[in-house]
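Asks: One structure, pasted below without further comment.
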Amino acid sequence: MSPTARTTPLRRGPLAGLLLLLCLLPVTISHAGTLYQRSSIRLEERARQAAPDDYSFVVMGDSRSNDAMFAKALRTAARFKPLFILHGGDYSNEGGEEETGNFLSLLDRFAPGIPVFVVFGNHENQKVFVREVGPQRFALSVPRLGLKVVALDNSWEALYPAELDFLKTELASAPRATFVAMHVPPETSRWRGHTFTRGSAELEQTVAASRVVQGLFFAHSHLYDRSVFGGVPAFISGGAGAPLVWVSRHGERIYHIIVVRVKNGVASFQLVPLT
């Protein structure tokens, strides 16, 4: 060191201490983990406060391409004070980081504090979805309320054996109020086109053999429709923002959400148009 060189001591004032603390904190402190993980924690908290004999949740799907309508769907859902929101998939066009970030910010802005669980849709990006949103298949279980929701991945317009096995396992220990969701509807005499056939017969048999499934939720087609599948009420809910279908033999071309009310263990379903 030259005779004239010297070191300057670090000044550890209040600002320096604050900066050091911020550097040590995790950068994801307000958005830790996936949406699914954050929502699971919120659901556990809300379930402790919910009335076991009377609660509700909201179903919607296909919100891509229209933030204003999706915001309206979220605001409308929030007015019903739901236990959670089940999104049937296709929150984006391609599922990239920017679209996913926008989706998450809309949830924070228009449905703050409400748990949101998302079914994997055909427009999602698998890597981004798993990293930011959640698993491609999952089961929500709330023992205190006697509630279970099983979500499967049929985004390739097929329900493969692994998904069916997962469903059968979950149904084996399912409570009275159980619901099943996936993105693509099965092909039936009523629903043709934009549907899946591989695994459809097995799904129908599995649902029909179960005594606990009270509702089936699908999306993918941008409309609302209600039918019966495996002896159970079945819904297409694809009207949370995506461009509505031009024409359809069945169903209604309306933006909407579905409110599911479970009272004394029995589900009822309310179509709520977004007018």
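Asks: Out of the strands (runs of 3 or more DSSP E) lying entirely within the stretch 50-166, which hold 3 or more residues that are crowded, with 18+ Cβ neighbours inside 10 Å and of a type in the set (A, V, I, L, M, F, W, C)? Walk me through it before giving the result.
Replies: Numbers: elements: 54-60, 85-87, 116-118, 138-142, 147-151.
Output list reads 54-60, 116-118, 138-142, 147-151.
Asks: Okay, next question. Answer yes or no as to whether Thr169 is under 19 Å from the mean Cα position of the chain (by Cα) and β-branched (Val, Ile, Thr). So that I can check it myself, show each step before the final result.
Replies: Values: under 19 Å from the mean Cα position of the chain (by Cα): no; β-branched (Val, Ile, Thr): yes.
When the stated conditions are applied, Thr169 does not pass them.
Asks: Looking only at the stretch 119-151, count every residue that is closer than 22 Å to Gln214 by Cβ, of a type outside the set (Lys, Arg) and touching a strand residue (DSSP E or B) at 6+ places or on another chain (Cβ under 7 Å) and tell me the total. Explain how you work it out, then say what you get.
Replies: Narrowing the stretch 119-151 to residues closer than 22 Å to Gln214 by Cβ: 119, 137-151.
With of a type outside the set (Lys, Arg) added as a condition, the list becomes 119, 138-143, 145-147, 149-151.
This time we only want the ones that are touching a strand residue (DSSP E or B) at 6+ places or on another chain (Cβ under 7 Å), so: 119, 138-141, 145-147, 149-151.
Counting residues in the stretch 119-151 that are closer than 22 Å to Gln214 by Cβ, of a type outside the set (Lys, Arg) and touching a strand residue (DSSP E or B) at 6+ places or on another chain (Cβ under 7 Å) gives 11.
Asks: From the set of residues in the stretch 206-220 that are free of Cβ contacts under 8 Å to residues at least 40 places away in the same chain and within 18 Å of Val184 (Cβ to Cβ), which is surrounded by the fewest Cβ atoms within 10 Å (Cβ to Cβ)? Full working, then the answer.
Replies: Taking the stretch 206-220 as the starting set, the residues that turn out to be free of Cβ contacts under 8 Å to residues at least 40 places away in the same chain are 207-211, 216.
Still in the list and also within 18 Å of Val184 (Cβ to Cβ): 207, 216.
Numbers: Val207: 20, Leu216: 23.
Here the residue is Val207.
Asks: Scan the stretch 221-257 residue by residue and report those that are among the aromatic types (Phe, Trp, Tyr), buried (at least 23 other Cβ atoms within 10 Å of the Cβ) and either without any contact (Cβ under 8 Å) to a residue 40 or more places away in the chain or over 25 Å from Ala208 (Cβ atoms) (or both).
Replies: Tyr255
Asks: Taking Ser189, is it outside any strand (DSSP E or B), hydroxyl-bearing (Ser, Thr, Tyr) and buried (at least 19 other Cβ atoms within 10 Å of the Cβ)? Break it down into steps so the answer makes sense when it comes.
Replies: Values: outside any strand (DSSP E or B): yes; hydroxyl-bearing (Ser, Thr, Tyr): yes; buried (at least 19 other Cβ atoms within 10 Å of the Cβ): no.
Judged against the criteria, Ser189 is not a match.
Asks: Follow-up. Condition check: under 21 Å from Gly199 (Cβ atoms) and β-branched (Val, Ile, Thr). Does Val142 satisfy that? Quick ask: steps written out before the conclusion?
Replies: Working: under 21 Å from Gly199 (Cβ atoms): no; β-branched (Val, Ile, Thr): yes.
Considered against the rule, which asks whether it is under 21 Å from Gly199 (Cβ atoms) and β-branched (Val, Ile, Thr), Val142 comes out as no.
Asks: Next up: Looking only at the stretch 115-128, decide whether some residue is within 11 Å of the chain's Cα centre (by Cα) and farther than 20 Å from Val184 by Cα. Walk me through it before giving the result.
Replies: Going through the stretch 115-128, the residues within 11 Å of the chain's Cα centre (by Cα) turn out to be 115-121.
This time we only want the ones that are farther than 20 Å from Val184 by Cα, so: 115.
Among the residues of the stretch 115-128, at least one is within 11 Å of the chain's Cα centre (by Cα) and farther than 20 Å from Val184 by Cα, which makes the answer yes.
Asks: Please specify each residue of the stretch 104-151 satisfying the condition of being touching a Gly at 6+ places or on another chain (Cβ under 9 Å) and more than 19 Å from His183 (Cβ to Cβ).
Replies: Hit for the stretch 104-151 is Gly146, nothing else.
Asks: Restricting the search to the stretch 167-186, which residues are assigned to a helix (DSSP H, G or I) and under 24 Å from Asp90 (Cβ atoms)?
Replies: Looking only at the stretch 167-186, we keep the residues that are assigned to a helix (DSSP H, G or I), and these are 167-172.
The answer is Leu167, Glu170.
Asks: Look at Gly134 and say whether it is more than 14 Å from the chain's Cα centre (by Cα) and of a type in the set (Gly, Ala, Ser). I'd like the intermediate steps shown before the answer.
Replies: Details: more than 14 Å from the chain's Cα centre (by Cα): no; of a type in the set (Gly, Ala, Ser): yes.
Criteria not met by Gly134.
Asks: Taking interchain pairs and intrachain pairs at least six residues apart, which have beta carbon atoms under 6 angstrom, with the first residue in the stretch 170-189 and under 26 Å from Arg249 (Cβ atoms) and the second surrounded by 23 or more Cβ atoms within 10 Å (Cβ to Cβ) and among the polar types (S, T, N, Q)?
Replies: From residues that are under 26 Å from Arg249 (Cβ atoms), the pairs are Met182/Asn154; Val184/Asn154.
Each reported figure results from applying straightforward, stated rules to the coordinates on display, with no laboratory input. Keep in mind that what you see is a predicted model, and the values were worked out from it rather than measured. As a convention, Cβ positions derive from the backbone with ideal geometry for all residues, glycine included, and neighbour counts pool all protein chains shown.
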